[in-house]
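Peer 1: Following this message is one structure expressed as structure tokens.
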Amino acid sequence: MRIGILGTGHVGQALAGAWARTGHEVALGSRRPGDPELLAALGELTGAGVRVDTPAGAVAGADVVVNATPGTVSVALLDSIGAPALAGKVLLDVGVGFLEDGSLSHPGISLGEEIQRAFPESRVVKSLATVDRELMVAPDSLEGPATIFLSGEDAGAKDVVSGLLRDLGWSDDSLLDLGGIETARGQEHYALLFMAIARSTGDYGFGIRVVPRVKGAGSTS
């Protein structure tokens with residue numbers, strides 16, 4: 001597939017490298033695509049065939065657009081590209097917005113919902129917001145299986161994203177469809193618990209697992 005990733009930070013770079021290795025055509029969108037310092041930092045990726053372009057250039061022709069920008073600037077960046085350029089595209093949102101004091105920038109809603117409302121013709125799917133960038137592309141580095149979540153309104157878009165998650169190493173058993181885009185709130189608000197766990201354990205490299213009760217035990221309601 002042709003994947004346009006918005007954001008050249010650690011998350012965007014990790015996803016770009018992983019998907020390029022599995023044969024996808026990947027472009028990274030940056031506000032400064034010709035910056036020699038940026039291109040030097042991305043040398044390994046460009047050497048592997050990842051293209052660096054403007055945000056609009058990365059989106060043009062892409063089958064899937066990935067928002068890997070900080071949640072506080074995501075909608076503004078997408079606005080600069082324009083709704084017509086994003087119409088009909090699968091838009092995978094992995095962003096979470098934090099304010100300077102560590103609180104969430106979307107406390108009563110979610111970034112995923114905000115993006116879907118701002119771009120109703122785009123097929124928004126929220127995922128990968130509950131693990132750090134290293135585990136996004138290396139779920140087999142965990143001691144045991146973890147769960148990764150999907151939220152969105154479009155079943156076909158979720159199928160596309162599920163395929164991309166499998167390419168990153170996530171098994172079918174790991175994928176859990178939470179429902180509509182409003183369920184993205186749970187994914188994003190988990191970030192507060194994630195940070196507390198990371199501080200307590202001294203490590204960001206962990207996942208979570210939805211563990212069902214033993215069959216026949218307790219209420220089924």
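The values are calculated or read from the model by the stated rules, or taken from the named source; none is laboratory data. Bear in mind the structure is a predicted one, so any value in this text is a computation, not a measurement. Neighbour counts run over all protein chains shown; Cβ positions are idealised from the backbone, glycine included. When the accessible area is computed, the model is the full protein with side chains, heavy atoms only, and any ligands, DNA or RNA have been set aside. Shrake-Rupley method; radii C 1.70, N 1.55, O 1.52, S 1.80 Å.
Peer 1: Where a ≥ b ≥ c are the square roots of the eigenvalues of the C-alpha gyration tensor, would you call the stretch 93-221 rounded, which needs a/c under 1.5, or, failing that, prolate if a/b is larger than b/c, or oblate?
Peer 2: Note, shape of the stretch 93-221 comes out rounded.
Peer 1: Which value does Rg/Rh take for the stretch 161-221 over its C-alpha atoms, Rh per Kirkwood?
Peer 2: Here Rg/Rh amounts to 1.03.
Peer 1: Under the rule of at least 5 residues apart or a separate chain, name every residue whose amide H is placed under 5 Å from the amide H of V26.
Peer 2: I3, R51
Peer 1: Tell me, what HN-Hα J-couplings in whole Hz come from the Karplus equation 6.51 cos²θ - 1.76 cosθ + 1.60 at θ = phi - 60° for each residue of the stretch 22-32, using x for Gly and Pro?
Peer 2: Karplus values, whole Hz, x for Gly and Pro: 9, x, 7, 8, 10, 10, 9, x, 9, 6, 10.
Peer 1: Please work out how much accessible surface D173 shows to a 1.4 Å probe, ignoring ligands, DNA and RNA, in Å² rounded to 10.
Peer 2: 100 Å²
Peer 1: Starting from the Cα gyration tensor of the stretch 97-149, take the square roots of the eigenvalues, sort them a ≥ b ≥ c, and report rounded, prolate or oblate (rounded when a/c is under 1.5, otherwise prolate if a/b is larger than b/c, else oblate).
Peer 2: Oblate, because a/c is 1.5 or more while a/b does not exceed b/c.
Peer 1: Right, another one. Assuming a ≥ b ≥ c are the square roots of the Cα gyration tensor eigenvalues, decide whether the stretch 75-114 counts as rounded (a/c under 1.5), prolate (otherwise, with a/b larger than b/c) or oblate.
Peer 2: Prolate.
Peer 1: Kindly report the accessible area of the stretch 124-221 per residue (heavy atoms of protein chains, probe 1.4 Å, no ligands, DNA or RNA), in Å².
Peer 2: Here the residues of the stretch 124-221 average 53 Å² of exposed surface.
Peer 1: Give, in nm to one decimal, the length gained when the segment between I197 and D35 is fully stretched (0.36 nm per residue of separation minus the Cα-Cα distance).
Peer 2: The I197-D35 span can extend by a further 54.6 nm.
Peer 1: Using the Cα atoms of the chain, I'd like the radius of gyration and the largest Cα-Cα distance, Dmax, both in angstrom.
Peer 2: Considering the chain through its Cα atoms, Rg and Dmax are 17.2, 62 Å.
Peer 1: Exposed loop sites here are GluC sites (Glu not before Pro) in DSSP loop states with at most 12 other C-beta atoms within 10 Å. What is the longest stretch of the chain lacking them?
Peer 2: That gives 1-99 as the longest site-free run.
Peer 1: List the residues, sorted by chain then number, that are 5 or more residues from D93 or on another chain and whose placed amide H is less than 5 Å from its amide H.
Peer 2: Those lying under 5 Å, H to H, from D93 are N67, V125, K126, S127.
Peer 1: With a point put 7 Å past each Cα toward its Cβ, work out how far T147 is from V210 in nm, to one decimal.
Peer 2: 0.5 nm
Peer 1: Most fluctuating residue of S30, S200, S174 in a GNM of the chain with Cα springs under 10 Å: which is it?
Peer 2: It is S200.
Peer 1: When the chain is modelled as a GNM with alpha-carbon springs shorter than 10 Å, which of S127, S151, S171 fluctuates the most?
Peer 2: Among S127, S151, S171, the largest mean-square fluctuation in the Gaussian network model of the chain belongs to S171.
Peer 1: Let me ask another. Could you give the DSSP H helices of the chain that reach 20 angstrom or more along their long axis (alpha carbon positions) and whose average Kyte-Doolittle hydropathy is no lower than -0.5?
Peer 2: Length and hydropathy pass: 184-201.
Peer 1: Sum -39500 (n - 2.57) across every DSSP H segment of at least 4 residues in the chain, then divide by the residue count to get the 222 nm mean residue ellipticity, nearest 500.
Peer 2: Here the helix-only value at 222 nm equals -10000 deg cm²/dmol.
Peer 1: Over the chain, what percent of the accessible surface lies on carbon and sulfur atoms, probe 1.4 Å?
Peer 2: Result for the chain: 53 percent of the exposed heavy-atom area is carbon or sulfur.
Peer 1: Can I ask one more? What whole-number value in Å² describes the accessible area per residue of the stretch 66-106 for a 1.4 Å probe?
Peer 2: Value returned for the stretch 66-106: 39 Å² of accessible area per residue.
Peer 1: For I148, which sequence-distant residues (separation of 5 or more, or a different chain) have an amide H within less than 5 Å of its own amide H, given hydrogens modelled in the peptide plane?
Peer 2: Result for I148 returns L175, L176.
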